[in-house]
Amino acid sequence: MDATLTGTQASSVIATAHKPTGRISDPIFVALLWASGIFVLILLGLIIAMLFEGGLPALKEFGISFLWSTSWNPVTERFGAGVMVSGTLFSAVIAVIVALPLSFGIAFFLTEIAPGPLRRPIGVAVQLLAAIPSIIYGMWGFFIVVPLMAAYVQPPLIELLSPIPFIGALFQGPPLGAGMLTAGLILALMILPFITAMFVEVLESVPPMIKESAYGVGATTYEVYRNVSVPYGRAAMVGAVMLGLGRALGETMAVTFVIGNATRMSASLFAPGATIASTIANEFPEASQGSLKLQALLELGFILFVISFIVLALSRLLVRSKLKG
Amino acid sequence: MKLTHILGAALSLSLTLPGAAFAADINGAGASFPAPVYQAWAAAYKEKTGTGLNYQSIGSGGGQNQIVNRTVDFGASDAPMKDDKLVEANLLQFPTVIGSVVAIFNLDGVDSLVLSGPVLADIYQGKITKWNDAKIAELNKGAKLPDQAIVPVYRSDSSGTSFVFTSYLAAASGDWKSNVGAASSVQWPTGAGAKGNEGIAGTVKNTKGALGYVEFVYAAANKLSAADLVNKAGKVVKPETKAFVEAAAAADWKGAKNFAASMIDTAGPGAWPITSATYILLPKNPTNAAQSADVIKFFNWAYTAEGDAIAEKLHYIPLPDAVVTDIKKAWSAEVKADGKAVWTN
């Protein structure tokens, strides 16, 4: 309530107050602000237009089935985005599934449980995770995580779970180490700090009075968390997850190192796959101008753009409807 | 395509700008496989003549794009450019050095291994899946091959090395030729992709039972164990300089158009079957004659004994002398500014 009050007051002040002088500098400043705002729109528009125009010949060649066709054969020039689109979504969803509970845990620990002296080091450590360049995540994943997965994680899982019907299909194949699951795990680490940071913000913004009242009526820590803190910040939390998802969708270098780069469809979590971003990173340097391959790559870029746009739009929609509710 | 052109031009401009500051320097871009020798040549040449060379190792496709757009003085490509494309872009193509691709493996208790083209093609198609398969055992009589899954590893980034390797598989196996084909990146029927030579070497080192392919230059520098191959003459050859030189000598240079002589699976009795030259693309109608002459002077020097020694030290194979003579003839006959040859022997 307080915030809205100040808001109205502020706007009324602006509306009634005598505008200070500075007749020349003011319009220039305003024009510059307009220019900065419009600049982003134009830039974004140009990028979309370029991707679309560049990819149009590929779309014309393969039709709308480009979206789900699983062929990616540079020799016969039959291209389709099916493997990459599903790989992009699959790896990003794994990342969110892994990162979400961890982020919740870290954020709640930091805001509620952690003793003062521990709060800062952990907070800084989480922020530092975000500062590590993605190529470092990729190299770390390639040299450390992939061999560990191949030696200790995948063999027992394959032995244990692959005979089970249905679920077993997720755990087929030789223990390569690299693959969809490893890519998802690395992505989870990469989006973890972003989601956590926003969760911390949200949890800190829960008015202490409400929480204290809950504790006062005898609620346990978990109950306060479950029934007060989370519902209070749910809208912003959905937004945080969506932003993390958006980042996971477009990640390039780290994924290229650990996903195994196979343009084949596979149900298995351990099978090598590809994402849109990793395919572009792999194939772009060798795609010659005017070739169908380059056009297909540009079309892939356009599809990634559209997917990211849908995710962001969806998050705005979810946040808005939750706010109204 | 207009917008992509503009973006491409802007990109290439930003790549070549550092070079533009020193007008006398030569700018080249392309294949990563010969990059070490080009850079070593450049350093020695600069010391000798004062003319520097900026070589951007951006991949063969990138090299072709940039020289077609004329944003560099020369382009470099591992795979020869198609004849009609060379005519269309008005480019002269000539080879510089020869390199080979070897198959590396990680197998406990096995130090030396013999493989053949058809067997490699079957492995990379998923038709041979175990190391103790009868076809591999037949080539390695007496060796203790484990009952272990083969993990084929390939280059995930599109690369000239993959082009050479898949060309070999296509030459050695009709099955591979019709099902997969040869290109700088193909739809691999099985296995996992790793980025760059380092990626393949790392994956093979980390994965028991893995099989991969890298340039010999890279395998030699990192002391990776490479398999012997059965060549077209039916002889088992070791991956060593002698066999690469023989492959270069056995190639049909006279009959090749635009110097694109195939050294893949040649008939020489001691020839290494996965051997290929790497190429330079030079405009036949340079706008800056002096700059173009500088490029030719540079490569002319690279073909001298001095240049050859540098290449050999880095495990590349110099071209046969007769080929170099033909290249020099092509330079003076075909690279012209205003109807005048920019360089004469």
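Assorted remarks:
- Across the stretch A:194-206, the qualifying residues are those that are assigned to a helix (DSSP H, G or I) and open to solvent by 10 Å² or more (accessible area, probe 1.4 Å), and the one among them that is nearest to the other protein chains (Cβ to nearest Cβ) is A:Phe194.
- Test: residue in the stretch B:46-65 that is in a helix (DSSP H, G or I), open to solvent by 20 Å² or more (accessible area, probe 1.4 Å) and within 11 Å of chain A (Cβ to nearest Cβ): yes
- The residue list A:Ala274, A:Ala313 contains one member that is among the aliphatic types (A, V, I, L, M) and part of a loop (DSSP other than H, G, I, E, B), which is A:Ala274.
- Against the conditions (1) within 27 Å of B:Gln56 (Cα to Cα); (2) in a helix (DSSP H, G or I); (3) free of Cβ contacts under 8 Å to residues at least 60 places away in the same chain; (4) open to solvent by 30 Å² or more (accessible area, probe 1.4 Å), A:Val306 satisfies every one except (1).
- Any hit, the stretch A:264-279, residues being buried (at least 20 other Cβ atoms within 10 Å of the Cβ), under 30 Å from B:Gln187 (Cα atoms), more than 14 Å from every other protein chain (Cβ to nearest Cβ) and touching an Asp or Glu at 6+ places or on another chain (Cβ under 8 Å): no
- Filter result for B:Ser158 (part of a loop (DSSP other than H, G, I, E, B) and either without any contact (Cβ under 8 Å) to a residue 24 or more places away in the chain or in contact with a helix residue (DSSP H, G or I) (Cβ under 7 Å, 6 or more places away or on another chain) (or both)): yes
- The stretch B:70-154 holds strands (runs of 3 or more DSSP E) entirely within its bounds, and those carrying 1 or more residues that are over 17 Å from the mean Cα position of the chain (by Cα) and either modelled with pLDDT of 95 or more or farther than 24 Å from B:Pro34 by Cβ (or both) map to B:91-105, B:114-116.
- The residues on offer are A:Ala178, A:Ala169, and the sole one that is on the phi < 0 side of the Ramachandran plot and touching a strand residue (DSSP E or B) at 6+ places or on another chain (Cβ under 8 Å) is A:Ala178.
- Of the criteria (1) within 14 Å of chain B (Cβ to nearest Cβ); (2) in a helix (DSSP H, G or I), which one A:Met209 fails: (1)
- Top-ranked residue in the stretch A:76-129 [being open to solvent by 50 Å² or more (accessible area, probe 1.4 Å) and outside any helix (DSSP H, G or I); ranked as farthest from the other protein chains (Cβ to nearest Cβ)]: A:Pro115
- When B:Lys223 is tested against (1) within 12 Å of chain A (Cβ to nearest Cβ); (2) among the basic types (Lys, Arg); (3) within 28 Å of B:Ala35 (Cα to Cα), just one condition goes unmet, and that condition is (1).
- Residue that is surrounded by fewer than 22 Cβ atoms within 10 Å (Cβ to Cβ) and acidic (Asp, Glu), where the choices are B:Asp73, B:Asp83, B:Asp78: B:Asp83
- Residue in the stretch A:150-164 that is away from chain B (no Cβ under 14 Å), surrounded by fewer than 17 Cβ atoms within 10 Å (Cβ to Cβ), out of contact with any Asp or Glu (no Cβ under 8 Å at 6 or more places or on another chain) and more than 24 Å from B:Lys208 (Cα to Cα) present: yes
- Taken over the stretch B:109-166, residues that are within 14 Å of chain A (Cβ to nearest Cβ), closer than 30 Å to A:Ser278 by Cα, charged (D, E, K, R) and open to solvent by 50 Å² or more (accessible area, probe 1.4 Å) amount to 1.
- Scanning the stretch B:167-192 for residues that are crowded, with 22+ Cβ neighbours inside 10 Å and of a type outside the set (Gly, Ala, Ser), we see that the one that is nearest to B:Gln64 (Cα to Cα) is B:Val186.
- Applying the criterion of being open to solvent by 30 Å² or more (accessible area, probe 1.4 Å) and part of a helix (DSSP H, G or I) to the residues of the stretch A:247-263, the residue that is farthest from the other protein chains (Cβ to nearest Cβ) is A:Arg247.
- Look at the stretch B:291-308: where a residue is among the basic types (Lys, Arg), no partner that is crowded, with 20+ Cβ neighbours inside 10 Å and at pLDDT 95 or above sits 6+ places away or on another chain with Cβ atoms under 7 Å.
- Picking from residues in the stretch B:204-234 that are among the β-branched types (Val, Ile, Thr) and open to solvent by less than 20 Å² (accessible area, probe 1.4 Å), the one that is modelled with the highest pLDDT is B:Val214.
- Some residue of the stretch A:39-50 being within 11 Å of another protein chain (Cβ to nearest Cβ), out of contact with any Phe, Trp or Tyr (no Cβ under 8 Å at 6 or more places or on another chain) and open to solvent by 40 Å² or more (accessible area, probe 1.4 Å): yes
- When the stretch A:175-193 is filtered for residues that are in a loop (DSSP other than H, G, I, E, B) and either buried (at least 24 other Cβ atoms within 10 Å of the Cβ) or away from every other protein chain (no Cβ under 14 Å) (or both), the ones remaining, listed by number, are A:Leu176, A:Gly177, A:Ala178, A:Gly179.
The values are calculated or read from the model by the stated rules, or taken from the named source; none is laboratory data. Note that the structure is a prediction, hence the values are computed from the model and not measured. Neighbour counts run over all protein chains shown; Cβ positions are idealised from the backbone, glycine included. In case anyone asks, the SASA skips ligands and DNA or RNA and just uses the protein heavy atoms, side chains included. Shrake-Rupley method; radii C 1.70, N 1.55, O 1.52, S 1.80 Å.
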